[in-house]
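Visitor: Okay, handing you the structure first.
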Amino acid sequence: MTELVRRIACDHPSGAEDDPLLTREWLVTNGLGGYASGTIVGVPTRRYHGLLIAALPNPFGRMVMLHHLTEMVRLTDRITVIGLGGEERGESRTLTAAGHLVEFRVEDGLPVWRYEVGSIVLEKRLWLIHRQNTAHVQYRLIDGDGPVRLKLRPAVNFRPHEAPVSTPLERPYTVTAREDRYELSAPSPKDAPSAPTLKMQILGARASFTLEPQTIPEMLYRIEESRGYQSRGEVFSPGHFRVDLDADSPAVLVASTEPWETIGALTPDAALAAELDRRRGLLARAPACAQRGPAAELVLAADQFIITPAGRTEEAARAHASGDEARTIIAGYHWFTDWGRDTMISLEGLTLSTGRHLEAGYILRTFAHYLRDGLIPIMFPEGNSAGLYHTADATMWFFHAIDRYLQVTGDRETLRRILPTLRSIVDHHVRGTHFGIGVDADDGLLRQGKEGYQLTWMDAKVDGWVVTPRRGKAVEINALWYNALRLLSGWLDEEGHALEARGVASLADRVEESFQHRFWNDETGHLFDVVDGEDGRDDPACRPNQILAISLRHPVLDRARWPAVMQVVHDQLLTPVGLRSLARAHPAFKPRYYGDLRSRDAAYHQGTVWSWLIGPFIDAWLKVHPEDRAGARRALQGLLHHLGEACIGSISEIFDAEEPYTARGCIAQAWGVAEALRCICATE
């Protein structure tokens, strides 16, 4: 299999706010929820940037353990900084140093930097060991006379990855050394569990460490500043490593929170070979349509979201006892944990479109265990094993995910195990469950809503303000409800429960009839977004939610109305990178997602483009225009071009609603990657 490479030319950086070397980012993950991430040029612009963000057992969650490395090369006449990794007091001394960076590329999903310093050419690459909190940073002399003396100064501020960059340093940090092994620890806060230690080792010729404590003050994080958060903070460096490079002797810095026995189990060369073999195996396992080009990049991007949750030991024990493995899906990097809704929407693209059927089953069975009163969790908070359940749609998407899984795998045993759970879900929804979620006895439609809660995927909330409450009977909730009923009726019938199946089918018939009557808006020629709202009114806003009335396996909308809805969605909501969340003509429309949290959340679902919605759009488009696969494929081109922007090789969560459709939100989002990958194969 050929090497998968995406190259980014590195012109001398300007220091401007929109400089591509500062706005383009890279991401490497470890299969536990941990990661390493940064800008191409090496300047941390987010609180989440670092070379090792470890996924630790509860209650720690993910923590920034190795913040950055200042990298220097000793030449005959001077010491040259090739990668500073930060901006001090807002003055970008990094940008002068970054002039030595001539190329950035991603090889098989892993970042590689090439530096030219006079007649010397160096390459740096970074990888994480799968299911370990261990980072390797390797340096090689590619051209020029050696040996070259490399000096690396690590910087840290042990903190939760969501903590502000202004979080005070815990003092004093302690360094312990034994032979070539170094450990850095911070004092534990009072009445708190002991924080992990960072273990570091430099491997190479004439390697050494010099204890030279230094505090680096007032580093500026540009994106945190633009988002209205604390944007300046200090980091601590215990000293510096030195090592010689020549053509036959690379150097590797190892940083880890694992036991030394685990760290030493693989040499750096063996660790890199194992990770490359694992990645190439992912591509070999994928279907033919996903083994080349952008689809292959997305297969590797998909791998970033499928994790073994590091902190939930009870979940792992329970899964092992039944012969399973604990698996879940991180909704997005950097700040999301695993979310039920995102998991169920993403499952097909991330696992079934990549040949990872076994893990798909693990995920579905894991979430089935967490069912409470007819609901699956909307999310698991960072560092916590208990889920939150305020969602009206995640449980309906669960049916959709099971359906897609069964279509691909034919795994009837899993269906039989989960069938009692699915019956319980419908029963609780008919009788009514938490958050005002329940069936209206008058029409069979599903209503939802409780003051102070955001229950649909349009879930922005800030300072108690639910921006788009959508309380009442939401269009996509009822499309999903109908689809779930039809699916359950079919499964019950197939498993020999004909009488029960007819009862569920009868309820679905009633939903279908009521839907046509209540949701069609003659005046606008499309569907109401919410009917029987909290003020008793129907909401005529043109939103993408109506597309699910066509796109799902069992579409609830009368076929005669499909063309009209598709035309409206195409004309008012479609962009090159997904669908707008609100039509431009609406008075609440916001063209940009920018500013502090309140400003951003006010725009989150009020025009902002969502990448994942391209999937339902293409599904619906092909139902209305089954012969137009080329047109459906064209709708993906903007997202495929986006693979060279923002997070290299991945797809962002959201975009501004107007040109140039600037990427915003999470730099890598599970359902955006999943739906783009799924649709590439669907449109071939």
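Only the coordinates and a few stated rules stand behind these numbers; no lab work does. It should be emphasised that the depicted structure is a prediction, and the values quoted were computed from it without experimental measurement. All Cβ positions, even for glycine, are placed from backbone atoms using ideal geometry, and neighbour counts span all protein chains on display.
Visitor: If you place +1 on the Cβ of every Lys and Arg and -1 on the Cβ of every Asp and Glu, how big does the dipole about the Cα centre of the chain come out, in debye to the nearest 20?
Guide: 620
Visitor: Then there is this: Quick one: which of 294-304, 654-664, 515-525 comes out on top by average Cβ neighbours within 10 Å, and what's the full order, highest first?
Guide: The most tightly packed comes first, giving 294-304, 654-664, 515-525.
Visitor: What Cys residues in the chain have no fellow cysteine's beta-carbon under 4.7 angstrom?
Guide: For the chain, the answer is 10, 542, 647, 666, 679, because their Cβ atoms have no other cysteine Cβ under 4.7 Å.
Visitor: Which whole-Hz couplings ³J(HN,Hα) result when phi for each residue of the stretch 662-671 is put into the Karplus expression 6.51 cos²θ - 1.76 cosθ + 1.60, θ = phi - 60°, listed in order with x for Gly and Pro?
Guide: In residue order, the calculated couplings are 4, 5, 9, x, 5, 6, 9, 10, 4, 6 Hz.
Visitor: Using a 7 Å offset from the Cα along the Cα-to-Cβ direction at both residue 594 and residue 384, what is the distance between the two label points in nm, to one decimal?
Guide: The two pseudo-label positions are separated by 3.4 nm.
Visitor: What ³J(HN,Hα) values, in whole Hz, does the Karplus curve 6.51 cos²θ - 1.76 cosθ + 1.60 give for the stretch 400-405 when θ = phi - 60°, with x put for Gly and Pro?
Guide: Values, residue by residue: 4, 5, 4, 4, 5, 4 Hz.
Visitor: Another question about this same structure. Subtracting the Cα-Cα distance from 0.36 nm times the residue separation, let me have the gained length for residue 502 to residue 633 in nm, one decimal.
Guide: 43.3 nm
Visitor: Mind jotting down a quarter of the surface of the convex hull over the alpha carbons of the chain, in square nanometres, one decimal?
Guide: 29.6
Visitor: While we're on this one: If you take every residue apart from residue 150 with its C-beta less than 9 Å away from the C-beta of residue 150, what net charge results, scoring Lys and Arg +1 and Asp and Glu -1?
Guide: Surrounding charge for residue 150 is +2.
Visitor: For residue 590, go through the lysines and keep the ones whose alpha-carbon is under 28 Å away, minus same-chain ones fewer than eight residues off.
Guide: 450, 461, 473
Visitor: Grab every C-alpha pair in the stretch 5-280, bin the distances at 10 angstrom width from 0 up to the longest one, and report whole percents.
Guide: 7, 31, 39, 21, 3, 0
Visitor: Quick check: residue separation of residue 462 and residue 373 times 0.36 nm, minus the Cα distance between them. What number comes out in nm?
Guide: 29.3 nm
Visitor: Over the stretch 5-280, calculate the relative contact order: mean separation of alpha carbon pairs under 8 Å at least 6 apart, over the residue count, as a percent.
Guide: After rounding, I find 20 percent.
Visitor: After finding the eigenvalues of the alpha carbon gyration tensor for the stretch 94-225, what semi-axes result from the square roots of 5 times each, listed largest first in whole Å?
Guide: 30, 20, 16
Visitor: If you don't mind, another one. For Cα pairs less than 8 Å apart in space and 6+ apart in sequence, what is the mean separation divided by the residue count of the chain, i.e. the relative contact order in percent?
Guide: 11
Visitor: Bin width 10 Å, origin at 0, all Cα-Cα pairs of the stretch 574-684: what percent of pairs per bin?
Guide: Pair shares across the bins are 16, 46, 30, 7, 0.
Visitor: Then there is this: Using unit Cβ charges (K, R positive; D, E negative) and no other charged atoms, how large, in debye to the nearest 20, is the dipole of the stretch 5-280 about its Cα centre?
Guide: Charge dipole of the stretch 5-280: 400 debye, to the nearest 20.
Visitor: For 114, 285, which order do you get if you count the other beta carbons within 10 Å of each Cβ and list the fewest first?
Guide: With the fewest neighbours first, 114, 285 line up as 285, 114.
Visitor: Need the C-alpha centroid separation for the stretch 422-464 versus the stretch 314-355, integer Å.
Guide: When both Cα centres are located, 24 Å separates them.
Visitor: Shifting gears a bit: Which of 566, 65 comes first, and how do the rest follow, when ranked by fewest Cβ neighbours within 10 Å?
Guide: Lowest to highest Cβ neighbour count: 566, 65.
Visitor: Packing-wise, with mean Cβ within 10 Å as the measure, how do 671-677, 608-614 rank, highest first?
Guide: 671-677, 608-614
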